[in-house]
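J.: Following this message is one structure expressed as structure tokens.
The values are calculated or read from the model by the stated rules, or taken from the named source; none is laboratory data. All values derive from a computational prediction rather than experimental measurement. All Cβ positions, even for glycine, are placed from backbone atoms using ideal geometry, and neighbour counts span all protein chains on display.
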Amino acid sequence: MASVGPTNRRYDAVLFDLLTALVDSWSLWNSVAGDAQAGHRWRAEYLQITYRTGAYRPYLDLVAEAAESVGLRRDLASDLDARYGELRPWPGVTPTLQALVAAGIPLGIVTNCSERLGRIAADCVGAPFTVLVTAERAGFYKPDMRPYRLGARALGVEPSSCLFVAGSAYDLVGTGRVGMDTYWHDRSGMPAPAGASPPVMHETKIEPLLPLLGLAGDNAT
């Protein structure tokens, strides 16, 4: 792990999207679907459904509806459930988060997921989190403002002093509404939807997060 040291800290805490910014959920969905094309259609449809859902409904119900909508079997949702522990972090994620923990920066997660599956996925990242806010806990799916506000409140900070690390472009809508700056860790290349606020950084890897947070080390190169 890189040696790091705080300089002029711009944010008091960091919240993360889990299933797109920290772990490679796309590869798991592709594997469960049987091929990358079907998995991508399924995952993209799920993101569209959650974007317009609002109040919480069971996560696996949305996953099943998305599968059926793109011509796949509804019971693929159960297959995905059974394999959730296979999720793995994107390259660079674990050492970068470990560097943030070493620097004393509070970390939390705000994710569109159930409580049970959110904890399984968070355990796959390889770094500790102070806060885990799921859509089930918040009672609403992102990009509703309530999950983001709950995450910031649980970390004891104002949204304006908390950075959000997004993976999904849809997070740029919700974070903009609550006044939370966003680092877009864009691994999937999805276009930003209408109403999205511009991120403070748009990167295809996570390591540039360190200098943004006033840290320096091997991971920042």
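J.: In the list Tyr51, Tyr46, Tyr56, which residue meets the criterion of being closer than 27 Å to Val14 by Cβ and modelled with pLDDT under 95?
T.: Going through Tyr51, Tyr46, Tyr56 in turn, just one is closer than 27 Å to Val14 by Cβ and modelled with pLDDT under 95: Tyr51.
J.: In the list Arg52, Arg88, Arg43, which residue meets the criterion of being surrounded by 14 or more Cβ atoms within 10 Å (Cβ to Cβ) and within 26 Å of Asp144 (Cβ to Cβ)?
T.: Unique residue meeting the criteria: Arg43.
J.: For a quick check of your reading: which strands (runs of 3 or more DSSP E) sit entirely within region 141-214 and have at least 3 residues that are crowded, with 18+ Cβ neighbours inside 10 Å and not assigned by TED's automatic domain parsing to the domain that holds Arg57?
T.: Details: elements: 162-166, 182-185, 201-203.
Once the strands (runs of 3 or more DSSP E) in region 141-214 are filtered for at least 3 residues that are crowded, with 18+ Cβ neighbours inside 10 Å and not assigned by TED's automatic domain parsing to the domain that holds Arg57, what remains is 162-166, 182-185.
J.: State whether the residues of region 120-132 include one that is outside any helix (DSSP H, G or I), farther than 23 Å from Gly214 by Cα and assigned by TED's automatic domain parsing to the domain that holds Ser197. Break it down stepwise before answering.
T.: Initial filter on region 120-132 (outside any helix (DSSP H, G or I)): 124-132.
Now drop any that are not farther than 23 Å from Gly214 by Cα, which leaves 124, 132.
Filter once more, keeping what is assigned by TED's automatic domain parsing to the domain that holds Ser197: 124, 132.
Yes, that holds for at least one residue.
J.: Does region 171-181 contain at least one residue that is touching a Cys at 6+ places or on another chain (Cβ under 7 Å) and over 12 Å from Ala21 (Cβ atoms)?
T.: Within region 171-181, one or more residues are touching a Cys at 6+ places or on another chain (Cβ under 7 Å) and over 12 Å from Ala21 (Cβ atoms).
J.: Looking at (1) at pLDDT 95 or above; (2) within 18 Å of Ser168 (Cβ to Cβ); (3) touching a helix residue (DSSP H, G or I) at 6+ places or on another chain (Cβ under 9 Å), which is the one condition that is false for Glu86?
T.: (2)
J.: Report, ordered by the first and then the second residue, all pairs with beta carbons closer than 6 Å, sequence separation of six or more or different chains, a first member in region 169-195 that is touching a residue at least 60 places away in the same chain (Cβ under 8 Å), and a second member that is in a strand (DSSP E or B) and crowded, with 18+ Cβ neighbours inside 10 Å.
T.: Met180/Cys162; Met180/Phe164; Asp181/Leu163; His185/Val165
J.: Look at region 94-119 and say how many of its residues are of a type in the set (Gly, Ala, Ser) and part of a helix (DSSP H, G or I).
T.: Final tally of qualifying residues: 3.
J.: So which of Thr96, Thr130 ends up being more than 13 Å from the chain's Cα centre (by Cα), more than 21 Å from Tyr56 (Cβ to Cβ) and surrounded by 17 or more Cβ atoms within 10 Å (Cβ to Cβ)?
T.: Testing whether each residue is more than 13 Å from the chain's Cα centre (by Cα), more than 21 Å from Tyr56 (Cβ to Cβ) and surrounded by 17 or more Cβ atoms within 10 Å (Cβ to Cβ) leaves just Thr96.
J.: Of all residues in region 204-221, which are among the charged types (D, E, K, R) and at pLDDT 95 or above?
T.: Hits for region 204-221 are Lys205, Glu207.
J.: Can you pull out every residue in region 180-196 that is within 16 Å of Val165 (Cβ to Cβ) and either in contact with a Phe, Trp or Tyr (Cβ under 7 Å, 6 or more places away or on another chain) or at pLDDT 95 or above (or both)? Explain how you work it out, then say what you get.
T.: Of region 180-196, the ones within 16 Å of Val165 (Cβ to Cβ) are 180-188, 190, 192, 196.
Listed by number, the residues that qualify are Met180, Asp181, Thr182, Tyr183, Trp184, His185, Asp186, Arg187, Ser188.
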